[in-house]
Amino acid sequence: MTFIFNYSTYTGLGPAQFVVDDWAKVGVRVILRERSRNLYAIEEVARLHDINMWSGSGEYYPIIAPIYFLPVPGSYFVWGFTRWYERGGPEGNLLAGRAYGCIEPPRDHPMREAMKIYARTCRETDPVRQAEIFREVLKIAARNTWSINICTPPPKICVVKKGFRNVPRRGVCCWDFMSPGNFGPETFYFENPKDSPGAIRQMTREIITPTVLGKRASVDNGTSDGSMVGSFLRYGFLALSILIVVLVAVKHPYVGRRLLIMIPTLLVISVIVFTVIQLPPGDYINTYIMRLRASGEAPDLAELDEIKKIFHLNESQPVRYARWMGLKWFTTFKSKDAGLLQGNLGRSMETQKSANDIVGDRIMLTVLISLGTILFTWAAAIPIGIYSAVKQYSIADYVLTFIGFIGMCVPGFLLALLLMYASGEWLGIPISGLFSSQYGAQPEWTWGKVIDLLKHIWVPVIVLGVGGAAGMIRVMRANLLDELKKPYVTTARAKGVRPMKLLFKYPVRLGLNPFVSGIGGLFPQLVSGGAIVAMVLCLPTVGPLMLNALMNEDMYLAGSMLMVLSLLGVIGTLVSDLLLLWLDPRIRFKGGSR
C-alpha cells in the first residue's frame, strides 16, 4: 500500500518524516512530495491529494479542514464537507451546492450529525450548556478518523514590550480565532508612550476612522504644526522649482524648447502606457474571480459591481483614459475627478486605497537610492577607468579588468545575499531594510530618521552600483584610449602642455560623454533592474510594488508608477543634454551654429 504525501513549501517538511517512519513499521509506504503553495492549494481544492499536511491550530475547531484529508465511506472527503458547511449548506444555501469543492455529506454520515450538534452549540447562550452539548461532537470525532494529529500544539509565547499594559497573562490566540478571543486591544496602553506624533495620528486614523471601500474619512484636518510646516515646505519647494525652471527657460531658449517638447512626449508615453496595461487578456475582476475560485469561494456579485463602479470598468477605454489623466477635472474642478495631471496617482484595485498613500515615500527613497548609485558608479568608474587607460597593459590594469569582469558577471541579488550573510555571520549586524526598528514605523521625517537612513542606504547603493561601475570602467577606459590617440593630444604634448593638465582638460572631459548621456535611462533602469535586489534586501522602493501591481493586473497603480518613472526618465534626459552642452564644446558650438 503506497500513499503520496503532499506538503507545502509554506509549512515545510516538519513532522512528515515521522509519519513516513511510523507507517513503514506497519507496511504502509509513504512518498513525500513538496508542492509550491499555489499548486498545493489548487490540488487541495480539486481533492487530488492522497494525504496532505498543514499546521495545527491552538484550539479545536470542529469544522476546520483537518490536518490530513483522508477518504471516508462513499469516496467523499472531509474537506468537501467542510466547504459545504461553510457555504451555508445546512441552511439550504444554493451556493453550497454550486460552489466548487463543496460536497454535501450523506444524511446518515457522522459528520452530518456533528454539524447539527455544533449548530446547536452555537445557538446556546449558556457557556456551561455549550460545553455539555459540544462534548457530543468530541465523542463523534473520537470514534471517527477526521484527522491524524502528530502532537498537541504547544502554548504560544507572546513577547510584550516594557511599559505595555493591560495585556492578559493568558489568552486564546490562533488562526481560527482571530477575534482576538479574550483580548481587548482597545484597552491596551503604553505607560510612557514613545511613538512619534505622526505615528500616533496614523494609528488613530487606522483604528478609529471608518473605511468604506478604501475611502477613509480624514481625522487629521491638517492644522497641526507638523502638517502645516510640511505642507509649507513641500509647496514652497515646488513653487521655487517652477520659478527656477521658468527663469532658465526664458534666458536660454534651448531649454524652453526642450521643456515644450516634453509635453507631447509625455502625452504619447501616457497613451502607450495605458494601452499596454490594457493588453493582457481580462482585467483585475477576472484575476480576482480566479483567486476566489481557487480558494473554493464564490464571488460576491454585489462586490464585483461595486468595484466596476468605483473604477469605471464598464466605460470605454477613451473615457477611462481621460479619467485616469484627470482631463475631466478641468471641467468640474472637483477633487474626485483629479488625475495624473493634478498629482493624483489614482486608486489601487487590490487594496482600494489611494495610490499616493501606498507609494508614499517609496518614490523619494527610490530616487535617493538611484542618485546614490549614480554617484557611486561615477566615483568608482571614472578614476579606475582613467588609471587603466593611462597604465594600459600593466599589472594593475589586468587586475582591475579582472575585478571589473567579476562585477559585471555577479547578479545584484546574489551580491545582496552574500553581503547579508557576511554581515550577519561575521559582524552580527543586520543590513536588510533602509531603517532600523526605531524609525521603520515612523511616518514623519526627523533628523534622527535621516541619519538612520544614511546608515542603511549604502548597502543597496553598493549592490546596485557594482555592476554598473564595472561596465562603465570598461567604457571609460575604451573612450579615453581612443581620445589619447587623436592628433590634438599629440599636438598639445608637442607644445609642452603638462601631462596632467592635458589629460583632464580634454581627453577625460570628452571621455565622460557616455556617463552624462546615460543619466536619462539610469532611473528607470535602476528601478526595474533593482526590483529583485529590493525584494532580497526588503527595501521600501517602487520596484517590488510595481511588480506586484503588474502581476495582480492592478492597472491604475501600475500605470501611474510607470508614468512617474517615465517622467523621471524624460527629466533625466533633459538634464543629461544640458550637462553635455556644458561638458563638450563640440556639441555647444554645433548648436550655436544653427
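Once you place label points 7 Å from the Cα toward the Cβ at residue 259 and residue 161, how far apart are they in nm?
4.7 nm
What list of ³J(HN,Hα) values in whole Hz, one per residue of the range 119-129 in order, does the Karplus curve 6.51 cos²θ - 1.76 cosθ + 1.60 (θ = phi - 60°) give from phi, with Gly and Pro shown as x?
Going residue by residue, I get 5, 5, 4, 5, 7, 6, 9, 7, x, 5, 5 Hz, with x marking Gly and Pro.
Explain nothing, just compute: Karplus ³J(HN,Hα) = 6.51 cos²θ - 1.76 cosθ + 1.60, θ = phi - 60°, for every residue of the range 386-396 in order, whole Hz, x for Gly and Pro.
Ordered by residue, 3J(HN,Hα) equals 5, 5, 5, 6, 5, 9, 4, 6, 8, 4, 5 Hz.
Taking the Cβ-Cβ separation of residue 268 and residue 332 as r and a Förster radius of 35 Å, what is the calculated FRET efficiency to the nearest 0.05?
In this case the efficiency is close to 0.85.
Residue by residue through the range 490-504, what is 3J(HN,Hα) from phi via Karplus (6.51 cos²θ - 1.76 cosθ + 1.60, θ = phi - 60°)? Round to whole Hz and write x for glycine and proline.
Per residue, the Karplus-derived 3J(HN,Hα) values read 4, 5, 5, 5, 5, 7, x, 5, 4, x, 5, 5, 5, 5, 8 Hz.
For a quick check: with amide H placed at 1.01 Å from N, whose amide H comes under 5 Å from residue 347's, ignoring anything fewer than 5 positions away on the same chain?
Those qualifying (amide H under 5 Å, at least 5 residues apart or on another chain) are 355.
Separation between the residue 120 and residue 24 pseudo-spin-labels, each 7 Å from Cα along Cα→Cβ, expressed in nm?
Rounded to a tenth, the inter-label distance reads 4.7 nm.
Sorting check: for 11-21, 161-171, which peptide has the highest mean count of neighbouring beta carbons within 10 Å, and how do the rest follow?
11-21, 161-171
Quick query: amide H of residue 3 versus all other amide H atoms, modeled in the peptide plane; which residues come in under 5 Å with a sequence gap of 5 or more or a different chain?
29, 30, 31
Would you mind checking which residues have amide H under 5 Å from residue 104's amide H? H placed 1.01 Å from N; only 5 or more apart, or other chain.
It is none; the list stays empty.
Here, each number is a calculation from the coordinates, and none is a lab measurement. Because the structure is a prediction, the values reported are computed rather than measured. In this analysis, Cβ positions are derived from the backbone assuming ideal geometry, glycine residues included, and neighbour counts consider all displayed protein chains.
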